[in-house]
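The values are calculated or read from the model by the stated rules, or taken from the named source; none is laboratory data. Since this is a predicted model, take the numbers as computed values, not measurements. In this analysis, Cβ positions are derived from the backbone assuming ideal geometry, glycine residues included, and neighbour counts consider all displayed protein chains.
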Amino acid sequence: MTNAREEAQDPATTPERLHELINLVGDRGNIDSDAGWCREYVAANPSASLETLIELAGDKNDFMSRLNAAKNPVLDDRTLWLLIDDPNDMVANAARERLNLAPKPRPNTIARGVHIPRIDPKTGRVIKP
């Protein structure tokens with residue numbers, strides 16, 4: 001692990017330094033790049049400032065940063081409300097959990113109708129449809 005990644009995870013790192021770490025130059029798509037890893041680690045760091053977390057929560061290209069920001073107790077309710085309908089269900093549900101809301105409805109769930117049988121009042125038996 002690189003020094004930058006260790007700093008990003010360390011709760012003793014200052015909020016100013018954490019903000020610098022989310023703006024590292026590099027290919028965020030490269031698995032070995034500090035640029036991407038630092039953003040994820042900073043989003044989970046309890047020492048990150050609210051402004052830094054809001055920036056990470058708004059990054060539509062990095063769902064792990066959004067997920068970690070949604071789980072971070074520093075992130076405010078206003079920003080969490082913006083994440084409850086996130087395209088990524090994990091992010092949306094993390095925000096919903098923090099706001100004590102029900103999980104995000106799944107789009108392909110079919111609500112099946114409930115069949116209530118009709119009862120013959122004289123016999124008490126089910127009337128066949």
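Here are the criteria: (1) within 26 Å of Thr2 (Cα to Cα); (2) under 17 Å from the mean Cα position of the chain (by Cα); (3) surrounded by fewer than 14 Cβ atoms within 10 Å (Cβ to Cβ). Tell me which single one Asp62 does not satisfy.
Failed condition: (3).
Identify the residue in the range 7-30 that is charged (D, E, K, R) and in a helix (DSSP H, G or I) and, among all such residues, is surrounded by the fewest Cβ atoms within 10 Å (Cβ to Cβ). Walk me through how you get there before you give the answer.
Quick first cut of the range 7-30, residues charged (D, E, K, R) only: 7, 10, 16-17, 20, 27-28.
The next check asks that each one be in a helix (DSSP H, G or I); those that pass are 7, 16-17, 20.
Numbers: Glu7: 20, Glu16: 10, Arg17: 15, Glu20: 16.
Among those residues, the one meeting the criterion is Glu16.
With respect to the numbered conditions (1) surrounded by fewer than 16 Cβ atoms within 10 Å (Cβ to Cβ); (2) touching an Asp or Glu at 6+ places or on another chain (Cβ under 7 Å), which one is the sole condition not fulfilled by Ala4?
(1)
Within the range 65-85, track down each residue that is more than 8 Å from the chain's Cα centre (by Cα) and part of a helix (DSSP H, G or I).
Ser65, Asp77, Arg78, Thr79, Leu80, Trp81, Leu82
Of Ala48, Ala4, Ala102, Ala43, which residue is assigned to a helix (DSSP H, G or I), of a type in the set (A, V, I, L, M, F, W, C) and within 19 Å of the chain's Cα centre (by Cα)? Break it down into steps so the answer makes sense when it comes.
Values: Ala48 fails: assigned to a helix (DSSP H, G or I); Ala4 fails: within 19 Å of the chain's Cα centre (by Cα); Ala102 fails: assigned to a helix (DSSP H, G or I).
Step by step, each of Ala48, Ala4, Ala102, Ala43 is checked, and only Ala43 is assigned to a helix (DSSP H, G or I), of a type in the set (A, V, I, L, M, F, W, C) and within 19 Å of the chain's Cα centre (by Cα).
Could you list, in sequence order, all residues of the range 51-64 that are within 21 Å of Thr13 (Cβ to Cβ) and either part of a helix (DSSP H, G or I) or among the polar types (S, T, N, Q) (or both)? Give the steps one after another, and end with the answer.
First, the residues of the range 51-64 that are within 21 Å of Thr13 (Cβ to Cβ): 51-57, 59, 62, 64.
Glu51, Thr52, Leu53, Ile54, Glu55, Leu56, Ala57, Met64 - these are the residues of the range 51-64 that are within 21 Å of Thr13 (Cβ to Cβ) and either part of a helix (DSSP H, G or I) or among the polar types (S, T, N, Q) (or both).
Residues in the range 25-32: is at least one more than 27 Å from Leu99 (Cα to Cα), in contact with a helix residue (DSSP H, G or I) (Cβ under 6 Å, 6 or more places away or on another chain) and at pLDDT below 95? Please lay out each step first, then the result.
To start, the set of residues in the range 25-32 that are more than 27 Å from Leu99 (Cα to Cα) comprises 25-32.
Then drop every residue that is not in contact with a helix residue (DSSP H, G or I) (Cβ under 6 Å, 6 or more places away or on another chain), which leaves 26, 28.
Then drop every residue that is not at pLDDT below 95, which leaves 26, 28.
Yes; the residues of the range 25-32 include at least one that is more than 27 Å from Leu99 (Cα to Cα), in contact with a helix residue (DSSP H, G or I) (Cβ under 6 Å, 6 or more places away or on another chain) and at pLDDT below 95.
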